[in-house]
Amino acid sequence: MSFALHHRRWVARSAFAAALLLAMNSSVSAETLEAALARAYAGNQTLNAQRAATRAVDEQVPQALSGYRPQIFGSAAVSAEATEARGGGQSRTITGYPRSVGISLEQNLFDGFRTPNSVRAAEASVLASREALRNTEQNVLFDAVEAYMNVLRDFAIFDLQRNNVDLINEDLRATRERFDVGEVTRTDVAQAEARLASGRSQVSVAEANLKASRAIYRQRIGNDPGKLFPGRAIDRLLPRSIDEAIQIGHAEHPAIMAALYNVDAAQMQAKVIEGELLPTVSIEAGVTNSWNNGGNSGGISTSADRSTAGSITGRVTVPIYQGGGVSSRVRQAKETLGQRRIEADLTREEVRAAIVSAWGALEGARAQIVAAQAQVEAAQIALNGVREESKVGQRTTLDVLNAQQELLNGRVTLITAQRDRVVASYALYQAVGRLSARSLTLAVSEYKPTEHYNQVRDKWFGLRTPDGR
């Protein structure tokens, strides 16, 4: 194969990789970014763990609602008694086996508004957990986008570096031939050999980066990457201005919504504790059946004693002094409420900073692509010129190698910018709080946390979870 033909093939393959149009062999069986995101949504362990955490928080509501319901207790007791009686110079032993069974009921009528406030606090916690789940979904999907695009980028760079080594090999072969006929010196050969060693080192680095990206891909998406289609930016879904993006983020971002619901929960929790300082009213009822038969006195069986007792009691309890413990817990709850409010303000600022950062990264990636494309075109022209000048002795072997390196660097920069362009678009969409399986119209069965909540909210008993465990 002639050097010119080899060079043309390398240029074509480099352009092919730099454009990321088919960074990995794109056949009909290749996986798309949307398919990878769907796989991550369905099977990512971090997301599944957060779903389980949300289901656990759902149980706080029926726990709080239990304060409205009666408490019923059953009891049973059995004992053995022996009594020694003395009189008239004689003694006798009386034995008995008293037993009893009973049932009691206690119904809360008023508990200082602790039950209704506990329900409100639990409901606020449920809403906060759902927003935390939405935020986790965003993070998981974005991490999957990063993993997908990193594999594409690193494969393209690896391919470029391998082809660069092939090209330097051709340069080295041509330089040795020219050295054999006395056209160049030993220095030219050594320079080509040094550049070849450097190129092989870069191939090793690129291969290591690709392996690391593939490992992260498996961790985040759930399978080893195969053939991947190129990723696409989602400009059609993005806000038109940074002000609009900030407005949407402050209104919709799940992290902010979760923080606000946590404020509500902390406020209700403070009221729950304050309720311990108020009177409580309850009603108690019970029935007890007791008897003592089978006893004897000096070998003579006694008759059975049997009785049934029932009672109903209204109870009012007025707290007067609890040692200062309740007052301390109220103050503590108020400080926690203040902390939650500060955290909500902090979250707003964090979201705003994330939006501004993502907007800048997206604009920077767009500009970098334009600059990198110009760099590649200029470097290609320069390389062609240096090669022609080298043929007539106006350029050295080192000039040719440097020009090739400049072109390689430009293509690597272009690949990286194209990857950054796609990732930045998803980062902005995540920053405004809208990155979700639904908004991306992924082909998945959407997880709906309200289904589990509705299944357990009004359960009065049962140890099995709705999924049968």
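The values are calculated or read from the model by the stated rules, or taken from the named source; none is laboratory data. Everything numeric in this text was worked out from a predicted model, so none of it was measured. Glycine gets a Cβ as well: all are built from the backbone with ideal geometry, and neighbour counts include every protein chain shown. With ligands, DNA and RNA removed, areas are computed over all heavy atoms of the protein, side chains included. Shrake-Rupley method; radii C 1.70, N 1.55, O 1.52, S 1.80 Å.
Observations on the structure shown:
- Rounded to 10°, Cα long-axis angle of helix 45-58 versus longest principal axis of the chain: 30
- Proximal lysines to Lys334, defined as alpha-carbon separation beneath 17 angstrom and excluding residues fewer than eight positions away on the same chain: Lys271
- Candidate aspartates and glutamates for bridging to Lys211, where Cα separation is under 20 Å - those fewer than 8 sequence places away on the same chain excluded: Glu31, Asp143, Glu146, Asp154, Asp159, Asp224, Asp420
- Using every pair of separate Cα atoms, the Kirkwood estimate puts the hydrodynamic radius of the stretch 245-291 at 15.1 angstrom.
- Here the Karplus curve 6.51 cos²θ - 1.76 cosθ + 1.60, taken at θ = phi - 60°, turns the phi angles of the stretch 367-381 into couplings of 5, 5, 5, 4, 5, 5, 5, 5, 4, 5, 4, 5, 5, 5, 5 Hz, with x standing for Gly and Pro.
- Spatial separation of Cα centroids for the stretch 417-469 and the stretch 130-184, in angstrom: 34
- Stretch gain in nm, segment Val370-Glu193, where the contour uses 0.36 nm per residue and the Cα spacing is subtracted: 60.3 nm
- Packing, as the average of other Cβ atoms within 10 Å across residues, places the peptides 149-161, 219-231 in the order 149-161, 219-231, highest first.
- In the chain, the longest principal axis of the Cα atoms and the axis of helix 186-221 are about 20 degrees apart.
- The slack in the chain from Ala85 to Arg176, taken as 0.36 nm per residue of separation less the alpha-carbon distance, amounts to 20.2 nm.
- Estimated FRET transfer efficiency when R0 is 41 angstrom, pair Gln339-Glu252 (beta carbons, to 0.05): 0.95
- Over the residues of the chain, the helix contribution to mean residue ellipticity at 222 nm works out to -22000 deg cm²/dmol, using -39500 (n - 2.57) for each DSSP H run of at least 4.
- Residues of the stretch 63-78 falling in the label zone of Gln322, defined by backbone nitrogen less than 12 Å from a point 7 Å along Cα to beta-carbon, are absent.
- Summary of packing: across the peptides 355-362, 428-435, 46-53, the per-residue average of other C-beta atoms within 10 Å ranks them, highest first, as 428-435, 355-362, 46-53.
- On Cα atoms only, tilt of 242-252 relative to the major axis of the chain in degrees: 20
- Area projected by the alpha carbon convex hull of the stretch 352-469, averaged over all directions, nm²: 13.5
- The chain: relative contact order as a whole-number percent, Cα under 8 Å and 6+ apart: 26
- Solvent-accessible surface of protein heavy atoms, probed at 1.4 angstrom with all chains present, puts Ile273, Ile320 in the order Ile320, Ile273, largest first.
- Projection of the Cα convex hull of the chain, averaged over all directions and equal to a quarter of that hull's surface, yields 40.3 nm².
- Each part reduced to its alpha carbon centroid, the stretch 197-274 and the stretch 302-361 end up 33 Å apart.
- Against the rule of thumb 2.2 N^0.38 Å, how large the Cα Rg of the stretch 115-200 comes out: 2.49
- Gyration tensor verdict on the stretch 224-381 (Cα atoms; rounded if a/c is under 1.5, prolate if a/b is larger than b/c, oblate otherwise): prolate
- Average projection area in nm² (convex hull over Cα atoms of the stretch 60-213, one quarter of hull surface): 25.1
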